[in-house]
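Asker: Handing you this structure, nothing more for now.
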Amino acid sequence: MPHSKQAYKMQIQKTHTSCRRCGRTSFHLQKKVCSACGYPSARNRHYNWGAKMIRRKNRGTGRMRYEKELPRRFKNGFREKTAAPPKKKAAAA
């Protein structure tokens, strides 16, 4: 069943355009506020949501050496330091 013309217009109209201050396509046309930098506010929009996790030394706040390589090890079935099987040479014709 086709949608109404008004519903179609709502799908195609732009909600955000480029911001004067930060240049990102984050300036909301109806609210007149940039979601990236907070323009026209005098102060730049900035949050420190990870502060509590950094205080707790939670994962995701440092290098994550172990967790970064885990998907690769899982993909290989946790096989490590094993030699690859020798490739079979093509039969000499």
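Computed from the coordinates by the stated procedures, all read-outs in this text should not be read as laboratory data. Just so it is clear, the model here is predicted, and its values are computed rather than measured. Using ideal geometry, Cβ is built from the backbone for each residue, glycine included, and neighbour counts are taken over all protein chains shown.
Asker: Could you give the angle, 0 to 90 degrees to the nearest 10, between helix 65-75's Cα long axis and the longest principal axis of the Cα atoms of the chain?
Answerer: Helix 65-75 and the main axis of the chain meet at about 60 degrees.
Asker: Val33's amide H: which non-local residues (gap 5+, or another chain) put their own amide H closer than 5 Å, with H modeled 1.01 Å from N in plane and none for Pro or chain starts?
Answerer: Residues meeting the criterion, in which the H sits 1.01 Å from N, are His28.
Asker: Would you work out the charge dipole size for the chain about its Cα centre, treating the Cβ of every Lys and Arg as +1 and the Cβ of every Asp and Glu as -1, and quote it to the nearest 20 debye?
Answerer: Dipole about the Cα centre, nearest 20: 300 debye.
Asker: Would you compute, from DSSP H runs of 4+ residues alone, the mean residue ellipticity of the chain at 222 nm, taking -39500 (n - 2.57) per run and dividing by the full residue count, rounded to the nearest 500?
Answerer: For the chain, the value works out to -7500 deg cm²/dmol.
Asker: From the backbone phi of the stretch 14-27, what are the Karplus-calculated ³J(HN,Hα) couplings (6.51 cos²θ - 1.76 cosθ + 1.60, θ = phi - 60°) in whole Hz, Gly and Pro given as x?
Answerer: Once θ is set to phi - 60°, the couplings for the stretch 14-27 become 7, 9, 10, 9, 6, 8, 5, 7, 9, x, 7, 7, 10, 7 Hz.
Asker: Hey, another quick one. Under 8 Å for C-alpha pairs, at least 6 residues apart: give me the relative contact order for the chain, rounded to a whole percent.
Answerer: Answer for the chain is 10 percent.
Asker: A follow-up question, please. Around Ala36, under 12 Å between beta carbons, what's the net of Lys plus Arg minus Asp minus Glu among the other residues?
Answerer: Net charge in that neighbourhood comes out at +4.
Asker: Something else: Tell me, what ³J(HN,Hα) does each residue in the stretch 45-58 have, in order and in whole Hz, if you take phi through Karplus 6.51 cos²θ - 1.76 cosθ + 1.60 with θ = phi - 60° and put x for Gly and Pro?
Answerer: 6, 8, 10, 10, 5, x, 4, 5, 5, 5, 4, 7, 6, 6
Asker: Which of the lysines could be linked to Lys5 by a straight reach, that is with a Cα gap under 20 Å, when you skip same-chain ones fewer than 8 residues away?
Answerer: Lys14
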